[in-house]
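Before any comments, here is the structure.
The values are calculated or read from the model by the stated rules, or taken from the named source; none is laboratory data. Only a predicted model underlies this, so the values are computations on that prediction, with no experimental measurement involved. All Cβ positions, glycine included, derive from the backbone under ideal geometry; neighbour counts span all protein chains shown. These accessible areas exclude ligands, DNA and RNA; they are computed on the full protein's heavy atoms, side chains included. Shrake-Rupley method; radii C 1.70, N 1.55, O 1.52, S 1.80 Å.
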Amino acid sequence: MLNHYYPEVRIIHGAVSKEFVVQSEDVKQAFAEADLFIHGSGPSVVAADFLQAWQRSTQKPFGIFGTTIQDINTNLKALLSKASFIFTRETASIQKLNEAGLSGSHIAFAPDATFAMTIRDDAKAQGFMNANGLKPRSFICAIPRLRKTPYYKIRANSGWSEQQIQEVNALNDRWKEIDHAKLREAMIAWVRKTGNPVVVCPEMTYQVDIMDELLIDPLPADVKARVIKHDYWLPDEAASLYSQAHCVLSFECHSPIIALTNGTPAFYLRQPEDTIKGQMYYDLQLTDWTFEINDVTGEQIAGRLMSVHTDYAKARKRVKASMDLVKQRYNAVFVPLKKLT
């Protein structure tokens with residue numbers, strides 16, 4: 001998919017030793033040729049070992065773009081103190097950096113790089129719509145999520161202990177029905193008040209296995225008849241379908257971003273275990289569409305959804321205003337980046 005949309009980008013693979021020595025000839029060549037190392041969006045500085053290797057072997061500039069930085073130990077602080085820029089995807093990370101003793105004009109807010117996503121597969125999305133009788137702006141999308149992502153089901157070598165698996169399963173089992181009953185209430189209100197359908201879809205692979213249990217099977221028969229299930233997909237098709245949706249309601253953080261980027265109103269149903277990245281929605285003035293799931297009722301989510309439906313033009317303007325904020329932030333941080341190359 002990446003090769004298709006970005007044919008000039010060369011994807012290479014490699015590893016770094018415990019001493020931060022690059023093990024791949026392709027990566028060594030890239031280190032020699034590149035002027036700048038940019039660590040992209042993620043839940044933390046997940047490639048800190050590569051940044052360490054880059055800094056030690058090249059002494060060339062590096063930085064962070066659109067990343068959540070929540071836990072800062074001594075080693076990470078030492079590394080970040082050498083960064084030319086630290087652009088976090090929400091302001092909560094800036095506060096964490098300041099608390100750790102890191103500050104300066106090179107630290108700024110740059111929303112998640114998903115806001116710059118332009119890939120689309122309109123043909124595939126249109127095929128799905130045609131097959132299921134979906135009309136533009138007449139359906140909503142709903143995305144489930146467990147409190148803790150069960151990575152042991154996704155990655156063969158996750159390294160999870162049996163105790164960790166049991167603890168995560170117990171947490172997820174405790175909350176999954178409570179959380180998703182609230183989203184179902186919004187789905188029920190949508191179908192019964194508008195007569196329009198709901199597409200239940202995943203953001204991560206494991207969610208294909210929980211969609212029926214948590215969002216479809218418990219629905220009343222009249223509502224269930226208006227629900228369409230989408231199997232796992234890639235983000236280009238998701239972007240195209242979201243661009244045609246009326247609204248996207250998601251427990252996952254990135255589906256709403258993809259929807260908003262494509263001009264569609266979106267609700268983020270935020271679970272407290274899902275890191276501080278959710279602050280990004282408040283930073284972009286999307287407070288009314290951000291729901292702290294422990295503090296909200298299904299009735300409130302449903303009510304907000306129907307208010308979007310009642311004045312859809314106003315909701316679309318709200319999307320544009322927030323996307324204008326994203327562009328402003330990107331333009332602001334690109335200025336110091338240009339000075340490094």
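Here the sum of -39500 (n - 2.57) over DSSP H runs of 4 or more residues, divided by the residues of the chain, equals -14000 deg cm²/dmol at 222 nm, to the nearest 500. Rounded to the nearest 20, the size of the Cβ-charge dipole of the stretch 191-341 about its Cα centre is 980 debye, with Lys and Arg at +1 and Asp and Glu at -1. Under the combined filter of DSSP loop state and at most 16 neighbouring Cβ atoms within 10 Å, the stretch 202-284 retains these GluC sites (Glu not before Pro): Glu273.
Per residue, how large is the accessible surface of the chain? Use a 1.4 angstrom probe and give square angstrom. Walk me through the numbers on the way to the answer.
On the way: 16300 Å² over 341 residues.
Result: 48 Å² per residue.
With both residues required to sit in the chain, DSSP beta bridges show an antiparallel share near 5%. For the chain, the longest principal axis of the C-alpha atoms and the axis of helix 122-132 are separated by about 20°. Going 7 Å from the Cα of Tyr282 along its beta-carbon direction, which residues of the stretch 92-132 have the amide nitrogen within less than 14 Å of the resulting point? Correct set: 92-96. Applying 1/(1 + (r/R0)^6) with R0 = 35 Å to the Cβ-Cβ distance of Gln126 and Ser81, what FRET efficiency is obtained, to the nearest 0.05? It comes out at approximately 0.10.
Here each label is just a point 7 Å from Cα along the line to Cβ, and for Glu162 and Asn196 those points are 5.1 nm apart. Note on the stretch 112-172: dipole from Cβ charges, positive end direction compared against Met117, Asn130, Ala156; the farthest Cα belongs to Asn130.
The label-point distance for Phe20 and Leu2, in a model that sets each label 7 Å from Cα toward Cβ, rounds to 2.3 nm.
Let me spell out the model: positive unit charges on the Cβ of Lys and Arg, negative unit charges on the Cβ of Asp and Glu, origin at the Cα centre of the chain. What dipole size does that give, in debye rounded to 20?
Working: 39 positive and 38 negative charges, 191 e Å.
Result for the chain is approximately 920 debye, rounded to the nearest 20.
Rounded to whole numbers, the Karplus 3J(HN,Hα) couplings from phi for the stretch 173-184 are 5, 5, 10, 4, 6, 4, 5, 6, 4, 6, 5, 4 Hz, using 6.51 cos²θ - 1.76 cosθ + 1.60 with θ = phi - 60°, and x at Gly and Pro. A cut-off of 5 Å between modelled amide H atoms, ignoring neighbours fewer than 5 places along the same chain, links Ile107 with Ile86. Within the accessible surface of the chain, defined with a 1.4 Å probe on protein heavy atoms only, the carbon and sulfur portion equals 50 percent.
Mind ordering 36-42, 215-221 by average Cβ neighbours within 10 Å, highest first?
On the way: 36-42: 17.9, 215-221: 14.4.
Averaged packing, sorted descending, gives the order 36-42, 215-221.
Between the labelled values (1) 50; (2) 53; (3) 44, the entry that holds percent of Cα pairs over 29 Å apart as derived from this structure is (3).
Residues of the stretch 210-245 with an amide N closer than 16 Å to a point placed 7 Å from the Cα of Tyr312 along the Cα-to-Cβ direction: 241-245.
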